[in-house]
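**Student:** Dropping a structure here in structure tokens format, bear with me for questions.
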Amino acid sequence: MNDQELESEIQRVGLALSRAFPSRRGHPIRALDERAMEIASQDAELRAALFRFVDVVPACRSTDDLASHLTGFLEEIHDQPPSLSAAMRLGNTKAGRAALGAAGAAGVRHMAHRFIVGSDPRAALPTLRGLWRDGIASSVDLLGEATVTAAEADRYAERCVAALDTLAPAYAAMAPDERLECDGCGPLPRANLSVKVSALTPLLRPQAPDRGKRDAAPRLRELLRRAASVGAHLHIDMESLDSREAVLELVLELLSEPELATGPSAGIVLQAYLRDSPDTLDRVLAWAQDTPREAPLVVRLVKGAYWDHEVVEALQHGWSVPVFERKADCDANFERLTRRLLEARPLLRVAIASHNLRSVSHAIACNRLLGGADCDLELQVLRGLGDDLGHALATGGLRVRAYCPVGDLVAGMAYLVRRLLENTANESFLADQAHGVAIEQLLAPPA
Ligand SMILES: Cc1cc2nc3c(=O)[nH]c(=O)nc-3n(C[C@H](O)[C@H](O)[C@H](O)COP(=O)(O)OP(=O)(O)OC[C@H]3O[C@@H](n4cnc5c(N)ncnc54)[C@H](O)[C@@H]3O)c2cc1C
């Protein structure tokens with residue numbers, strides 16, 4: 001394939017997808033949410049105030065309490081829009097405070113439900129069934145608070161086992177959907193759980209990676225065994241760089257154990273914002289070459305969710321910054337890694353996780369021009385952020401999986417704030433899209 005061929009296929013795919021986005025007119029509440037996010041993205045002070053408010057909601061005991069926090073945070077904004085000044089006048093009376101607090105709490109709960117599909121896996125089943133009916137598979141993620149004791153790590157592992165036991169029979173009872181259930185390598189498990197190693201051990205520290213690995217290994221091994229026995233897929237998320245080596249080594253070592261060679265289907269995450277991600281891919285490919293598995297390892301390619309953290313951490317310590325500092329460099333690396341992953345099949349299975357129409361269209365176009373079938377490429381979106389893209393992809397006959405966090409509002413707060421930040425950041429495709437940037441610009445090659 002030459003560059004020109006690829007570029008014109010990307011544009012064709014991208015335009016077709018953008019036309020298939022669901023109309024906003026049918027979803028007044030979602031349109032309102034997006035309007036709120038758009039306002040927040042344009043005002044740094046309002047953004048900071050709202051994030052601090054979202055953070056304290058779970059700890060508030062009454063609507064009065066909530067309202068005083070809300071007005072307190074909003075008072076810090078210098079140029080208040082008229083609607084904010086009106087809201088703050090409400091906070092001067094007891095009845096007004098109750099109304100304002102209730103509205104604030106309802107707003108946060110509403111926003112959280114956009115991203116979190118249920119308080120536990122059983123409560124999430126109606127949403128997961130609805131997605132499957134719409135031609136969208138899922139990966140369930142159990143939200144949890146930071147794991148600081150062995151008992152908490154045990155509890156998280158138990159919740160994961162219970163989730164596998166709930167999801168596997170529930171998915172088995174769903175109607176067949178050939179597109180979601182097999183690719184060129186064979187059958188794909190219906191039930192799919194994403195887990196975090198930092199929740200499986202309190203000892204994951206950059207200074208002593210082996211200790212964290214050793215402590216997490218028995219819990220992760222048990223989960224892999226359980227996933228194999230119920231026929232589910234287990235995906236291990238990637239977190240900040242200080243745990244990357246431990247996570248990668250742990251997963252590849254466990255999957256090399258003879259008892260796990262025949263299953264389960266399992267996966268890891270590659271972060272394209274890391275400058276050394278091409279070397280990490282070399283290591284993963286060498287491992288896959290040497291370690292035949294019945295179900296090939298799934299590699300989920302993402303850009304990376306800890307960009308600000310990695311930059312600040314490096315600057316604080318006087319280290320060189322491990323992530324790309326120009327967004328276009330990160331996006332271009334994402335495209336190069338996409339192509340390398342697609343070319344490595346059937347050694348690996350490939351999942352491209354992005355809400356960026358350009359990155360996703362590139363993956364689809366590249367796969368087709370390499371002679372791949374659409375079913376040999378999985379596209380992943382986050383519930384709440386990538387719903388429109390997910391539906392447009394599914395309508396276009398592509399294989400889509402939505403990453404669906406499950407948990408209560410308290411556990412979900414950190415997740416919610418991270419997603420809101422992502423949605424309102426300056427250098428984000430979704431923010432550009434919300435600000436009405438022209439489709440030609442959204443689909444332009446990273447430069
Ligand atoms: C299904 C799914 C699963 C995910 N799992 C994980 C996971 O396990 N681990 C993880 O870390 N992330 C994960 N993510 C999040 C992902 O890494 C991104 O944060 C998110 O998808 C935004 O990237 P984008 O391509 O959708 O959007 P875009 O708007 O195209 O990209 C935004 C991303 O670009 C990068 N970026 C922003 N500014 C700059 C800059 N100045 N210079 C260089 N790079 C910059 C950041 O990574 C930022 O998140 C997942 C995402 C999805 C959809």
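The values are calculated or read from the model by the stated rules, or taken from the named source; none is laboratory data. Just so it is clear, the model here is predicted, and its values are computed rather than measured. So basically every Cβ, Gly included, is an ideal-geometry build from the backbone, and we count neighbours across all protein chains shown. Just the protein is used for accessible areas: all its heavy atoms, side chains included, with ligands, DNA and RNA removed. Shrake-Rupley method; radii C 1.70, N 1.55, O 1.52, S 1.80 Å.
**Student:** Relative contact order (percent) for the chain, with alpha-carbon contacts under 8 angstrom and 6 or more residues of separation? Could the numbers behind the result be given before it?
**Tutor:** Values: 683 pairs, mean separation 96.4, N = 447.
Averaging sequence separation for qualifying contacts and normalising by length gives 22 percent for the chain.
**Student:** Tell me, what % of the accessible area of the chain is carbon and sulfur with a 1.4 angstrom probe?
**Tutor:** Numbers: 10640 of 19620 Å².
It is 54 percent, rounded to a whole number.
**Student:** Moving on. Would you mind putting 192-199, 346-353 in packing order, based on average other-beta-carbon counts within 10 Å, highest first?
**Tutor:** Values: 192-199: 23.6, 346-353: 20.9.
Result, highest mean first: 192-199, 346-353.
**Student:** Using the basic label-point model (7 angstrom from Cα toward the beta carbon), what is the CYS182 to ARG418 distance in nanometres?
**Tutor:** 3.6
**Student:** Follow-up. Full-extension gain between GLU427 and LEU370, please, as 0.36 nm times their residue separation minus the C-alpha to C-alpha distance.
**Tutor:** Working: separation 57, 0.36 × 57 = 20.52 nm, distance 3.05 nm.
Separation in residues times 0.36 nm, less the Cα-Cα distance, equals 17.5 nm.
**Student:** Can you give the relative contact order of segment 290-363 as a percent, counting alpha carbon pairs under 8 Å and 6+ residues apart? Kindly include the intermediate steps, with their values, before the conclusion.
**Tutor:** Working: 60 pairs, mean separation 32.8, N = 74.
44 percent.
**Student:** Quick one: accessible area per residue over segment 100-178, 1.4 Å probe, rounded to a whole number of Å²?
**Tutor:** 44
**Student:** Here is a follow-up. In segment 383-447, which chymotrypsin sites (Phe, Trp or Tyr not before Pro) fall in coil by DSSP and have 16 or fewer other Cβ atoms within 10 Å? Let's see the in-between values first.
**Tutor:** On the way: sites: TYR403, TYR415, PHE429; in loops: none.
Listed in order of number, the matching sites amount to none.
**Student:** Measure off 7 Å from each Cα along the Cα-to-Cβ vector at ARG114 and VAL311, then give the distance between these two points in nanometres to one decimal.
**Tutor:** 2.4
**Student:** So what is the orientation-averaged projected area of segment 115-157, using the convex hull of its C-alpha atoms, in nm²?
**Tutor:** Details: hull surface 14.2 nm².
It is 3.5 nm².
**Student:** Give me the extension gain from ALA20 to GLU45: residue separation times 0.36 nm, minus the current Cα-Cα distance, reported in nm with one decimal.
**Tutor:** On the way: separation 25, 0.36 × 25 = 9.00 nm, distance 3.52 nm.
This chain segment gains 5.5 nm when fully extended.
**Student:** Follow-up. Apply 1/(1 + (r/R0)^6) to the Cβ-Cβ distance of GLU7 and ASP276, taking R0 = 35 Å, and write down the FRET efficiency to the nearest 0.05. Don't jump to the answer; show the numbers that get you there.
**Tutor:** On the way: r = 28 Å, r/R0 = 0.79.
After rounding to 0.05, the efficiency reads 0.80.
**Student:** Sort the following peptides by mean Cβ neighbour count (other Cβ atoms within 10 Å, averaged over residues), highest first: 378-390, 200-212. Could the numbers behind the result be given before it?
**Tutor:** On the way: 378-390: 23.1, 200-212: 17.7.
Answer by packing, highest mean first, reads 378-390, 200-212.
**Student:** Assuming R0 = 51 Å, can you tell me the calculated FRET efficiency for the pair SER320 and ALA98, based on Cβ-Cβ distance, to the nearest 0.05?
**Tutor:** On the way: r = 53 Å, r/R0 = 1.04.
Rounded to the nearest 0.05, the efficiency is 0.45.
**Student:** Report the convex hull volume per residue for the chain, counting only C-alpha atoms, in Å³. Mind showing how you got there, number by number?
**Tutor:** Numbers: hull volume 67.3 nm³, N = 447.
Cα-based convex hull of the chain, divided per residue, equals 151 Å³.
**Student:** Considering Cα pairs under 8 angstrom that are at least six residues apart, work out the relative contact order of segment 168-284 and quote it in whole percent.
**Tutor:** On the way: 129 pairs, mean separation 29.3, N = 117.
This gives 25 percent for segment 168-284.
**Student:** Under a plain spin-label model, where a point goes 7 Å from the Cα along Cα-to-Cβ, how far apart in nm are GLU257 and ARG336?
**Tutor:** Label at GLU257, label at ARG336, 3.7 nm between them.
**Student:** Applying 1/(1 + (r/R0)^6) with R0 = 41 Å to the Cβ-Cβ distance of GLU440 and ALA151, what FRET efficiency is obtained, to the nearest 0.05? It would help to have the intermediate numbers written out before the result.
**Tutor:** Working: r = 55 Å, r/R0 = 1.34.
My answer for the efficiency is 0.15.
**Student:** Considering only segment 117-442, what is the antiparallel percent among its DSSP beta bridges, to the nearest 5? Spell out each step's value before the answer.
**Tutor:** Working: 3 of 37 bridges.
Given both bridge residues lie in segment 117-442, the antiparallel proportion sits at roughly 10 percent.
**Student:** In Å, what Kirkwood hydrodynamic radius results for segment 318-447 from the alpha-carbon pair distances? Before the final figure, lay out each step's value.
**Tutor:** Details: mean 1/r = 0.0619 Å⁻¹.
Its Kirkwood hydrodynamic radius stands at 16.2 Å.
**Student:** Lysines within cross-link reach of LYS303: Cα-Cα under 23 Å, excluding same-chain residues under 8 positions apart?
**Tutor:** LYS196, LYS327
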